[in-house]
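Report on one structure; see the data block that follows.
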Amino acid sequence: YADVNEICDHLFNVVADTVHHDARFSWPGFGTWTVRARAARRGRNPQTGAVIDIPASKTVAFKVAPALKDLL
């Protein structure tokens, strides 16, 4: 399992580095990772119920390739 873990770690490092610099990583037949902007919004503190302002941020999104989706 050590080899599989090493390969997976390397793959995720490549994806993270590519998305960080290019904002997109595509693996044909598997899917595409992209950076998406999240707008600022209001939310609630689940413990107190107080309204809080959540600042704008970026997140990583994954879209499954049609070939992989067809296998599911």
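Read the figures in this text as sums done on the coordinates, not as results from a lab. The shown structure was predicted, so the numbers you read here are calculated from the model rather than taken from an experiment. For neighbour counting, all protein chains shown are included, and Cβ atoms are generated from backbone atoms with ideal geometry for every residue, glycine included.
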Order these by the 10 Å Cβ neighbour count, fewest first: ARG42, ARG24. ARG42, ARG24
Helix 2-22: angle to the longest alpha-carbon principal axis of the chain, degrees 0 to 90, nearest 10? 60 degrees
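Kirkwood hydrodynamic radius, computed over distinct alpha-carbon pairs, for the chain: how many Å, to one decimal?
Numbers: mean 1/r = 0.0671 Å⁻¹.
Evaluated on the chain, it is 14.9 Å.
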Mind checking the full-extension length gain between ASN45 and VAL14? Use 0.36 nm per residue of separation minus the Cα-Cα distance, one decimal, nm. 7.6 nm
